[in-house]
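Input: a single structure, listed below in structure tokens.
Read-outs throughout are calculated quantities, based only on the coordinates presented, and are distinct from any laboratory measurement. Predicted model, so just to flag it, every value in this text is computed and none were measured. With ideal geometry, Cβ positions are generated from the backbone for all residues, glycine too; neighbour counts draw on all protein chains shown.
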């Protein structure tokens, strides 16, 4: 199911904001139901939430790939040792 760009509570109202505490997309009319919550516009969500998370995930994947490559190199070295030992 594709996410909607309009509010299901207030039909026709565009979802322009994001409630950080509830992790919910909001229209302007929904904001009053999230009093005291941190409300961000979608551009701020990208800057403060999505981009840092993607950066962290990318770094974690890069470390994992490096670890796998090290393991591969170690296995290849062991295979060469076994091959030379059996000659």
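Using just the alpha carbons, could you tell me how many Å³ per residue the convex hull of the chain encloses?
Spelled out: Cα convex hull of the chain, divided by residues, is 130 Å³.
Cβ-Cβ distance of residue 42 and residue 75, R₀ of 30 Å, FRET efficiency by 1/(1 + (r/R0)^6): the value works out to about 0.05. Take every Cα pair under 8 Å whose residues are at least 6 apart in sequence, average their separation, divide by the length of segment 17-86, and the relative contact order is 23 percent. Taking the longest Cα principal axis of the chain as reference, the axis of helix 51-86 is set at about 10 degrees.
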